[in-house]
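For reference, the structure is listed below as structure tokens.
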2 protein chains.
Amino acid sequence: MNIYFAASIRGGRADREIYSSIILELKKYGKVLTEHIGDPNISSSGEEMADTEIYNRDMVWLKEADVVISEITTPSLGVGYEIGQAEAIGKKILCLYREVDGKKVSAMITGSPGVKVSRYETIQDVSKILEDYLK
Amino acid sequence: MNIYFAASIRGGRADREIYSSIILELKKYGKVLTEHIGDPNISSSGEEMADTEIYNRDMVWLKEADVVISEITTPSLGVGYEIGQAEAIGKKILCLYREVDGKKVSAMITGSPGVKVSRYETIQDVSKILEDYLK
């Protein structure tokens, strides 16, 4: 199974370690195409590649993916874009989020029939959510 | 001309007054379907409607739009989603942003061939950008 994992890069890297933990969980189920999302060397400045190259690479991966899993606690324009494109091409999409300071997830995500949203607190919760969703 | 204006709601309302000014500029060119984006009564808690109703209304408007104009300075998952969906259905898309603290716009937006990104500092800049883009 090809898994496209989406999470914030330029929107902010505060949850970077959580992304790494989620990627480790995802690797139990298949190939994570976007493993660099957890890379501690990638700051909010982004990757050392031209934006068009990043875009073209990620859109190829998105099309190759069997499922799109995203962590949406840190609001990210790029993650929203990927979810919108993924839904338009009929991909299966799961969004994971933690409630922080009572902030609410966008209605364009929670209100969409093509997106499943699951709330978690711990990585153990994520493990259970992924088991239910991917098995 | 039907204009879909997209900007942050639940992602944060710090730029709300700027959104209002942009909407005023846009109204010179056509009907702004999403005029509520500038409403001072809408906080980051969002609108007083069910998420599925917001989603369904906004997706109808997105399809009816001749052009999508968004303000992307505050990272927003919903705005990213709308841009992704709009691009998938072939809409003309312009993103406006101010550079704040050296933060960079997502490569999924700047790297996309279907999205034009314009940087501005003042509302006078926006006025000129819109004139060039919409006339």
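The values are calculated or read from the model by the stated rules, or taken from the named source; none is laboratory data. Since we're looking at a predicted model, the values are computed, not measured. As a convention, Cβ positions derive from the backbone with ideal geometry for all residues, glycine included, and neighbour counts pool all protein chains shown. SASA here: full protein model, heavy atoms, side chains in, ligands and nucleic acids out. Shrake-Rupley method; radii C 1.70, N 1.55, O 1.52, S 1.80 Å.
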Close pairs from the range B:32-47: first farther than 25 Å from residue B:64 by Cβ, partner part of a loop (DSSP other than H, G, I, E, B) and open to solvent by less than 60 Å² (accessible area, probe 1.4 Å), Cβ under 7 Å, at least 6 apart: B:43/B:13; B:44/B:9; B:44/B:10; B:44/B:12; B:44/B:13
Filtered residues of the range A:79-96 (kept if within 15 Å of residue B:82 (Cβ to Cβ) and more than 10 Å from the chain's Cα centre (by Cα)): A:81, A:84, A:85, A:86, A:87, A:88
Tell me, which helices (runs of 4 or more DSSP H) wholly within the range B:23-135 include 1 or more residues that are within 12 Å of chain A (Cβ to nearest Cβ)? B:51-64, B:77-88, B:107-110
Of all residues in the range A:43-54 being modelled with pLDDT of 95 or more and touching a helix residue (DSSP H, G or I) at 6+ places or on another chain (Cβ under 7 Å), which is most open to solvent (accessible area, probe 1.4 Å)? A:51
Residues of the range B:61-87 being more than 19 Å from residue B:3 (Cβ to Cβ) and among the aliphatic types (A, V, I, L, M), in sequence order, are B:77
Kindly indicate the residue of the range B:63-73 that is under 11 Å from the mean Cα position of the chain (by Cα) and not acidic (Asp, Glu) and also farthest from residue A:112 (Cα to Cα) among those meeting that condition. B:73
Would you check which residues across the range A:17-29 are out of contact with any strand residue (DSSP E or B) (no Cβ under 8 Å at 6 or more places or on another chain) and open to solvent by less than 50 Å² (accessible area, probe 1.4 Å) and list them? A:20, A:21, A:25
